[in-house]
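Peer 1: Supplied in structure tokens, the structure appears directly below.
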Amino acid sequence: MTKILFGTESGNSEMAADDIADFLNDNGGEAEVVAMEDYDVADLAAEGFAVVITSTYGEGELPETTQPFYDALKESRPDLSGLRFAAFGLGDSTYETYGNGIDIVAALLAELGAVQVGETGRHDAAKTVTLTDAATGWAEGLQPTLAA
């Protein structure tokens, strides 16, 4: 089962996580959505594969519900060499720090030994593509990765 971990300030990352989970579940996968703030990072190494989703808040910071996950990883520093992950970020390209939240989380996961698969997906609130379309379009590209 693919864990989809999300961190959000306004709920948009949760909506993206639900859209991605629905897409994967409807197309032969099995996905479970979990809020980062409710997830025990001690379990992450055993996941094998996870999807991480977060928005960027303020001037490039992590949202309130991503920060505890990030801090717990930073403090416990688990060996994530057995973890593959995919990353999807939300932001607004009118800000200089567009997409910084997911970049911060992905960099820490990689520093701890995890290997990112695929390109980081991004939804730009300043563009006309809907969040659902951006998230499910990106998830379509995940399917070969999940089958591997």
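Peer 1: Using modelled amide H (1.01 Å from N, peptide plane; none on Pro or chain starts), what sits under 5 Å from the amide H of residue 85, excluding residues fewer than 5 places away?
Peer 2: Long-range HN contacts for residue 85: 50, 115, 116, 117.
Peer 1: Quick one: length gained pulling residue 133 to residue 18 fully straight, 0.36 nm per residue minus the C-alpha distance?
Peer 2: 40.2 nm
Peer 1: When you count, for each residue, the other Cβ atoms within 10 Å and take the mean per peptide, how do 95-104, 75-84 rank with the highest first? It would help to have the intermediate numbers written out before the result.
Peer 2: Numbers: 95-104: 19.5, 75-84: 14.4.
In descending order of packing, they fall as 95-104, 75-84.
Peer 1: Just to be sure I understand, if you calculate percent of Cα pairs over 25 Å apart for this structure, which of (i) 19; (ii) 42; (iii) 50 do you get?
Peer 2: The listed entry that was calculated here is (i).
Peer 1: Same structure again: For the pair residue 92 and residue 43, how long in nm is the line joining their label points, each one 7 Å along Cα→Cβ?
Peer 2: Placing both labels 7 Å beyond Cα along the Cβ direction yields 3.4 nm.
Peer 1: Using modelled backbone amide H atoms (1.01 Å from N, in-plane), which distant-in-sequence or interchain residues come within less than 5 Å of residue 60's amide H?
Peer 2: When sequence neighbours closer than 5 places are left aside, there are no close amide H contacts.
Peer 1: Under a plain spin-label model, where a point goes 7 Å from the Cα along Cα-to-Cβ, how far apart in nm are residue 77 and residue 32?
Peer 2: Reported label-point gap for residue 77 and residue 32 is 3.0 nm.
Peer 1: Still on this structure, please answer the following. Modelled label-to-label distance, residue 126 and residue 10, 7 Å Cα→beta-carbon offset: nm?
Peer 2: Going by the 7 Å Cα→Cβ label model, 1.5 nm.
Peer 1: Per residue of the range 69-76, what does 6.51 cos²θ - 1.76 cosθ + 1.60 with θ = phi - 60° give for ³J(HN,Hα)? Whole Hz please, x for Gly and Pro, Karplus curve as stated.
Peer 2: Going residue by residue, I get 4, 4, 4, 5, 5, 4, 6, 7 Hz, with x marking Gly and Pro.
Peer 1: Sorting check: for 6-19, 55-68, 105-118, which peptide has the highest mean count of neighbouring beta carbons within 10 Å, and how do the rest follow?
Peer 2: Numbers: 6-19: 21.9, 55-68: 19.3, 105-118: 17.1.
Ranked from most to least packed, the peptides come out as 6-19, 55-68, 105-118.
Peer 1: Which whole-number percent gives the relative contact order of the range 1-84, counting Cα pairs below 8 Å spaced six or more residues apart? Write down the numbers at each step before the final one.
Peer 2: Numbers: 133 pairs, mean separation 32.5, N = 84.
This gives 39 percent for the range 1-84.
Peer 1: Right, something else. Explain nothing, just the number: dipole magnitude of the range 2-147 about its Cα centre with +1 on each Lys and Arg Cβ and -1 on each Asp and Glu Cβ, in debye rounded to the nearest 20. List each step's numbers first, then the result.
Peer 2: Details: 6 positive and 27 negative charges, 90 e Å.
Roughly 440 debye, rounded to the nearest 20.
Peer 1: Can you tell which of 51, 129, 41 shows the greatest fluctuation in a Gaussian network model of the chain with Cα springs below 10 Å?
Peer 2: Answer for the Gaussian network model of the chain: 129.
Peer 1: Then there's this: Using amide H atoms built in the peptide plane, which far-off residues or other-chain residues are under 5 Å from residue 92 H to H?
Peer 2: 99, 125
Where a number appears in this text, it was derived from the coordinates with a stated rule and is not lab data. The model shown is predicted, which means the values in this text are computed figures rather than measured ones. All Cβ positions, glycine included, derive from the backbone under ideal geometry; neighbour counts span all protein chains shown.
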